[in-house]
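Participant: Provided herewith is a single structure, encoded as structure tokens, for subsequent inquiry.
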Amino acid sequence: MVHVDSEAILDIDYDAAAATLHVRFTSGDGYSYFDVPADVHRAFVAAQSHGRFFQQHIRDRYRYRKVG
């Protein structure tokens with residue numbers, strides 16, 4: 001799990017074998033996003049703005065489920 005410096009996102013984790021991205025928001029809510037390519041995860045972690053990257057490249061593009 002990678003802790004990121006973001007106003008909206010707290011942690012990012014990725015299960016490469018399942019191609020599942022796990023995102024925990026500063027609100028405490030966590031979500032799993034399915035069938036996310038590894039290069040999208042890498043770009044997300046490296047993004048200058050994690051919140052902006054999430055909005056533009058992940059939100060509403062992958063199936064998801066709220067967790068925890």
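The values are calculated or read from the model by the stated rules, or taken from the named source; none is laboratory data. Given the structure is predicted, the values throughout are model-derived calculations rather than measurements. Positions of Cβ are backbone-derived with ideal geometry, glycine not excepted, and every protein chain shown enters the neighbour counts.
Participant: Taking the condition of being in a loop (DSSP other than H, G, I, E, B) and either out of contact with any Leu (no Cβ under 9 Å at 6 or more places or on another chain) or in contact (Cβ under 8 Å) with a residue 40 or more places away in the chain (or both), how many residues in segment 33-42 meet it?
Facilitator: Initial filter on segment 33-42 (in a loop (DSSP other than H, G, I, E, B)): 35-37.
Filter once more, keeping what is either out of contact with any Leu (no Cβ under 9 Å at 6 or more places or on another chain) or in contact (Cβ under 8 Å) with a residue 40 or more places away in the chain (or both): 35, 37.
Here the count works out to 2.
Participant: A further question on this structure: Take the residues in segment 43-68 that are charged (D, E, K, R) and part of a loop (DSSP other than H, G, I, E, B), then tell me which one is nearest to Leu10 (Cα to Cα).
Facilitator: Filtering segment 43-68 for residues that are charged (D, E, K, R) and part of a loop (DSSP other than H, G, I, E, B), the one nearest to Leu10 (Cα to Cα) comes out as Arg59.
Participant: Just to be sure I understand, how many residues within segment 1-17 are in contact with a strand residue (DSSP E or B) (Cβ under 8 Å, 6 or more places away or on another chain) and free of Cβ contacts under 8 Å to residues at least 12 places away in the same chain?
Facilitator: 2
Participant: Quick check on my filter: what residues within segment 1-25 are loosely packed, with under 15 Cβ neighbours inside 10 Å and either at pLDDT 95 or above or not in a loop (DSSP other than H, G, I, E, B) (or both)? Before the answer, list the steps.
Facilitator: First pass over segment 1-25, keeping only residues loosely packed, with under 15 Cβ neighbours inside 10 Å: 1-3, 5, 7, 15-18.
Once the filter is applied, which keeps residues that are loosely packed, with under 15 Cβ neighbours inside 10 Å and either at pLDDT 95 or above or not in a loop (DSSP other than H, G, I, E, B) (or both), segment 1-25 yields Val2, His3, Asp15, Ala16, Ala17, Ala18.
Participant: Filter segment 26-68 down to residues that are touching a Gly at 6+ places or on another chain (Cβ under 9 Å) and within 20 Å of His3 (Cβ to Cβ) and give me whichever is surrounded by the most Cβ atoms within 10 Å (Cβ to Cβ). Give the steps one after another, and end with the answer.
Facilitator: Kept after step one, since they are touching a Gly at 6+ places or on another chain (Cβ under 9 Å), are these residues of segment 26-68: 28-30, 66-68.
Okay, now just the ones that are also within 20 Å of His3 (Cβ to Cβ), so 28-30, 67-68.
Values: Gly28: 8, Asp29: 12, Gly30: 16, Val67: 11, Gly68: 9.
Once the filter is applied, the top-ranked residue is Gly30.
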